Amino acid sequence: SALRSSELTLSVSCLQPSCFGYPLSIFFIVINEFCERFSYYGMRAVLVLYFKYFLQWDDNLSTAIYHTFVALCYLTPILGALVADSWLGKFKTIISLSIVYTIGQAIMAVSSINDLTDHNRDGSPDNVSLHIALSMVGLILIALGTGGIKPCVAAFGGDQFEDDQEKQRTRFFSIFYLSINAGSLLSTIITPILRAQECGIHSKQRCYPLAFGVPAALMAVALVVFIIGSRMYKKVQPQGNVMIQVSKCIAFAIKNRFRHRSKEFPKREHWLDWASEKYDKRLIAQTKVVLKVLFLYIPLPMFWALFDQQGSRWTLQATTMDGNFGAIQIQPDQMQTVNPILIIVMVPVVDAVIYPLIKKCKINFTPLRKITVGMFLASLAFVAAALLQVQIDKTLPVFPTAGQSQIKVINLGTDGATVQFEPQLQSVNVMPMESTGYMTFETSQLRSLNITSGNKNIIKVIELPGENRHTLGVKNNATHIVAELLFDNVTSKPEEGNNLIRFINNLPDTITVTMGDTSFGTLESLSASNYNLFPGGRKDNITVIRNSMPCSVISRAFGFGSAYTIVINTCSANTLNVTYSEDIPPNTVHMAWQIPQYFILTLAEVVFSVTGLEFSYSQAPSNMKAVLQAGWLLTVAVGNIIVLIVAGASKLSEQWAEYVLFAALLLAVCIIFAVMAYFYTYIDPNEIEAQFDEEEKKQVEKDQDVYEKQAEADSRM
């Protein structure tokens with residue numbers, strides 16, 4: 001039976017059409033992977049915003065559900081591997097779960113249709129619970145689909161090659177990884193653009209149905225492409241419920257060893273050999289190989305713990321940086337595209353240039369050494385991130401702590417002003433139409449303000465709540481000094497590179513102020529508006545209506561992460577004169593300084609992840625390849641969990657210190673892995689299985705001889 005199966009596989013593989021020395025079938029697999037990754041990363045790119053702005057969840061819940069979903073996507077590969085290796089086979093598993101996946105994506109698109117429950121047409125869904133229920137069903141189906149096919153697709157691609165096509169198979173895994181990042185790159189650029197569009201039947205909203213619908217369509221394309229190539233695939237049949245057999249084998253070995261723990265029983269070469277009373281040598285040998293590789297996987301999640309912070313910590317770091325690239329304004333979350341761009345460039349360079357050069361230098365760069373180097377490089381990338389963070393921290397504003405208050409002074413008049421902070425704490429002189437920076441005081445010590453301008457003087461008694469910023473507006477009118485103490489209500493730098501803008505009316509009349517599409521309402525003389533949020537890196541039109549007469553001006557180009565108070569001084573003859581007072585300085589460290597850490601981490605990913613896929617396949621027994629692929633992907637899920645644990649348990653107040661902590665943890669794990677890798681012996685699963693095939697063949701021949709001799713002896717009698 002085993003011989004017939006191998007002959008059938010051989011005959012099918014011989015008939016496989018090829019192109020440039022590669023089986024033609026792998027091109028369908030690569031296209032399928034590109035479309036599937038576009039679908040997954042495109043949906044994931046807008047998921048948190050969907051939670052926050054459509055389902056109206058707060059930041060914490062949105063983040064928690066997002067990470068739970070991602071973790072689930074990397075936990076379900078073990079289920080897909082079990083189904084593929086034990087029941088349906090890789091081909092049928094990919095088809096079946098891709099259908100589930102496509103349905104899940106379609107449900108997500110439907111769940112985001114605002115008009116589905118917006119019966120009163122007010123622009124918000126009337127039955128949010130229905131949208132939540134549909135979203136959760138869709139996400140569960142997507143997690144089952146994407147996780148279930150993950151270990152199968154790469155392994156199925158590897159199955160298409162013959163034993164003598166080792167070089168082509170290695171190159172395939174590089175191309176395969178390239179397709180993943182190409183899909184990721186395009187989707188993370190395109191789907192946010194689709195989301196930003198406005199669509200709807202009764203009211204115009206952010207177009208989440210389109211942002212989820214396009215990934216759903218791409219998943220349908222992936223499924224169709226994969227089915228089209230079905231006649232060309234080399235399909236290895238599943239060989240029984242291996243995982244259950246392996247689990248039973250391990251359990252029996254442990255149980256049997258414990259039962260024979262006394263010294264009167266002789267030791268065995270390996271603890272799994274205690275299962276030999278019940279299980280055959282082939283299964284025990286295969287289990288040893290799998291456990292040997294899985295043991296090596298133990299340190300690997302730490303790499304993913306650092307790698308996956310590109311979408312969280314590094315993006316947050318980018319929000320405190322300057323994204324002005326001349327003609328192009330880069331938003332903080334767009335910096336994530338640097339990784340897939342570099343991957344597309346670096347995979348072929350590393351594969352075709354760097355590895356051959358290392359080989360020419362007579363260096364034996366084994367897969368485990370590549371993985372070790374990848375971990376070290378990732379640690380180095382976080383050291384670079386920490387150094388950058390130190391430079392950023394130097395530019396960040398200092399906000400008042402508990403028991404402190406901060407005050408800045410804006411002189412709105414045409415005379416100079418002097419403000420003495422009593423009792424005898426500090427004195428400042430402010431020129432006309434200028435302002436000071438924020439000054440910090442102990443709230444319990446500050447009692448009053450002694451203000452002098454021209455030949456006039458007033459004393460203003462104050463009682464501040466503490467832990468807040470305030471702005472003192474001073475103006476010497478013809479008859480008296482006006483001093484207004486404004487509550488700023490800003491205790492942190494604006495997030496995501498946005499800017500905070502407010503206005504002070506320095507005109508004698510009441511006015512209406514609009515900036516861009518945002519109305520600041522009506523402002524009385526010498527009053528201030530609330531702050532409003534504006535996207536970074538752009539100019540807007542400021543319009544003031546005074547006595548029914550409009551006047552306007554184009555604002556200055558605001559940077560990223562700043563806050564400004566704009567003082568309206570004159571409005572006449574359609575001309576508006578304003579001055580700007582900087583409350584929070586814009587980000588001054590350029591986003592381009594993140595490129596080195598992205599470059600190092602991407603190089604780490606190339607030598608770590610591509611090699612990991614190849615290593616998992618090459619060391620796996622024939623009937624357990626998808627299981628080891630799932631084990632590899634499982635390290636990603638554990639890595640995400642590590643981030644949550646370390647970030648939650650860490651009491652570090654400085655972000656650079658957290659980067660150093662992660663770098664140190666990975667470096668320690670890297671050293672441990674290097675020691676483990678040193679003692680690892682590479683095996684060829686095909687040789688081991690061929691050896692067992694030969695032994696079984698000899699045993700069959702021996703049994704046949706015994707049977708024939710016994711039959712001959714019986715005939716004589």
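Data overview
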{"item": "Accessible surface of the range 272-347, 1.4 Å probe, proportion on carbon and sulfur as whole %", "result": "63 percent"}
{"item": "Extended-chain gain in nm, criterion 0.36 nm per residue less alpha-carbon gap, MET676 and THR575", "result": "29.0 nm"}
{"item": "Cβ-derived FRET efficiency at R0 41 Å, TRP593 paired with PHE295, nearest 0.05", "result": "0.55"}
{"item": "Simple spin-label estimate for THR440 and VAL390 in nanometres, 7 Å along Cα-Cβ", "result": "2.1 nm"}
{"item": "Residue-normalised accessible area of the range 404-584, given per residue in Å² at a 1.4 Å probe", "result": "45 Å²"}
{"item": "Over 31 Å [Cα-Cα, the range 404-584], rounded percent", "result": "17 percent"}
{"item": "Å² per residue, accessible surface of the range 277-356 at 1.4 Å", "result": "41 Å²"}
{"item": "For THR479, solvent-accessible area (1.4 Å; no DNA, RNA or ligand), Å²", "result": "110 Å²"}
{"item": "In the range 378-469, GluC sites (Glu not before Pro) in a DSSP loop with at most 16 other beta-carbon atoms within 10 Å", "result": "GLU434, GLU463, GLU467"}
{"item": "Carbon and sulfur %, accessible surface of the range 404-584 computed with the full protein complex present, 1.4 Å", "result": "45 percent"}
{"item": "Gained length - LYS360 relative to LEU425, 0.36 nm times residue gap less alpha-carbon distance", "result": "16.2 nm"}
{"item": "Å² of accessible area per residue within the range 17-240, as computed with a 1.4 Å probe and no ligands counted", "result": "41 Å²"}
{"item": "Cα-based Lys pair tally, the range 404-584, threshold under 25 Å, eight or more apart or on separate chains", "result": "7"}
{"item": "Label-to-label distance, nm, for residues given as ALA327 and SER492 (7 Å Cα→Cβ offset)", "result": "3.7 nm"}
{"item": "Sites ALA352 and THR418, calculated FRET efficiency, Cβ-Cβ separation with R0 51 Å, nearest 0.05", "result": "0.10"}
{"item": "Estimated FRET transfer efficiency (VAL646, LYS267; beta-carbon r; R0 45 Å; 0.05)", "result": "0.65"}
{"item": "Longest site-free stretch - the chain; sites: chymotrypsin sites (Phe, Trp or Tyr not before Pro), DSSP loop, at most 10 other Cβ within 10 Å", "result": "21-678"}
{"item": "The range 493-575: GluC sites (Glu not before Pro) falling in loop per DSSP and having at most 14 other Cβ within 10 Å", "result": "GLU524"}
{"item": "Cross-link partners of LYS267 among lysines (Cα-Cα below 24 Å; sequence separation of 8 or more within a chain)", "result": "LYS248, LYS255, LYS278, LYS281, LYS288, LYS292"}
{"item": "Accessible surface of the range 17-240 [probe 1.4 Å, protein heavy atoms]: carbon and sulfur percent", "result": "66 percent"}
{"item": "Hydrodynamic radius by Kirkwood, which averages 1/r over all alpha carbon pairs of the range 368-471, in angstrom", "result": "17.0 Å"}
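The values are calculated or read from the model by the stated rules, or taken from the named source; none is laboratory data. Note that the structure is predicted; figures quoted are calculated from it, not measured. When we count neighbours, we look across all protein chains shown, and the Cβ atoms used for this are built from the backbone with ideal geometry, even at glycine. For accessibility, only protein heavy atoms count, side chains too; no ligands or nucleic acids. Shrake-Rupley method; radii C 1.70, N 1.55, O 1.52, S 1.80 Å.
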